[in-house]
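The structure appears right after this line, and notes come after that.
Each reported figure results from applying straightforward, stated rules to the coordinates on display, with no laboratory input. Since we're looking at a predicted model, the values are computed, not measured. Note: ideal-geometry Cβ built from the backbone for every residue, glycine included; neighbour counts use all protein chains shown.
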Amino acid sequence: MPARMITRRTFLALSAALPWALHAHAASSVPVGLELYSVRDELQRDPQATVRAVAQMGYQGVEFYAPYFEWSEEQTKQMRKLLDELGIRCFSTHNDAPFLNAENIERARDKNLILGSKYVVMAWAEPGSGLDGWKAVADSLNFAAEHLEASGLKAGYHNHQLEFTPIEKQRPIEILAKNTKPSIMLQLDVGTCLEAASDPVVWIRANPGRIRSLHCKDWSPDPAKGYSVLFGEGSADWKAIFEAAEKVGGAEYYLVEQEGSRFSELETAERCLKAFRATHSR
């Protein structure tokens, strides 16, 4: 309508609605990053050049994995400087379980604060002592969360096949979900969930607000292919997964991950991003 016809009541109504409209738009624009394990050999050879190449592909962020923990403070600051120059973020880090214990939690906290990450994720656990062992893992996550949250960081846990494989008629992932604080992210690895014969969409819907990031790794039941398929070439129903993640799971960011393919690491990462964007935009 012409500007002169906008009444005060209409202006106030539009003004009140605008923040909600902006929020809705932001919610539909979940950024995508790369779990840097996907380019591990390149990263070991030249970390800065690798991160620069990943940014140039169009990835909006990264997730560093265990070797970052051994960087000096200066190396960590240099990486943060590069991230800022490139205009990308470190969304989270993957950490071995001991990185989050009482001895190491402060080092993990300090490095993640420098990198600007939000989530400090326990990358795996293998307690090997039944459900009580998994309850102990939950306790360690709660301990980490208490120490990290005072600094504005969040704890998380990343699954593999083991967590979706029942023991004593229960899946360990259910023990972790039940016995950890709601603030602790349950980072879903789609491929390993599928390999364990579980349904990612059902799991997301059963845990509203806790699936704040996903490893978008495809998987094929063909033993000759397995995890070597690129994004979109496996059995994952990505459209349904994205819908559940964004409407129910509380997804804040996606992470492409690849364990290896018929292409080089960097070409694999680039091809997967193109396939991800083509699928997610539909």
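Note on Asn142 and Lys247: the model spin-label points, each 7 Å out from Cα along the C-beta direction, lie 3.4 nm apart.
With N the number of residues in region 147-236, Rg(Cα) / (2.2 N^0.38 Å) evaluates to 1.17.
Exposure proxy ranking for Phe263, Phe64, based on other Cβ atoms within 10 angstrom of each Cβ and starting from the fewest, stands as Phe263, Phe64.
Label-to-label distance, Leu113 versus Asp237, with points set 7 angstrom from Cα along the beta-carbon direction: 4.5 nm. With K and R counted +1 and D and E -1, the other residues having a Cβ less than 10 Å from that of Asp199 yield a net charge of 0. Sites count as exposed loop sites when they are GluC sites (Glu not before Pro), lie in a DSSP loop, and have at most 11 other Cβ atoms within 10 angstrom; the longest stretch of the chain without one is 169-282.
With viscosity set to 1.002 mPa s and temperature to 20 °C, compute the Stokes-Einstein D of region 168-219, Rh being the Kirkwood radius across alpha carbon pairs; µm²/s, no decimals. D = 186 µm²/s. Zone of Asp199 (label point 7 Å along Cα→Cβ, backbone N under 15 Å): which residues in region 219-238? Those under the cut-off are 236-238. Taking only the alpha-carbon positions of the chain and ignoring solvent, what does the Debye formula give for the base-10 log of I(q)/I(0) at q = 0.09, 0.14, 0.15 Å⁻¹? Normalising to I(0) and taking log10 leaves -0.45, -1.02, -1.15. Measuring from centroid to centroid over Cα atoms, what is the spacing of region 206-268 and region 62-83 in Å? Spelled out, the Cα-based centre of one part sits 25 Å from the other.
Helices that extend 30 Å or more along their long axis by alpha-carbon positions and average at least 0.5 on the Kyte-Doolittle scale are absent among the DSSP H runs of the chain. Normalised by the number of residues in region 30-280, the average gap of Cα pairs under 8 Å and 6 or more apart makes the relative contact order 19 percent.
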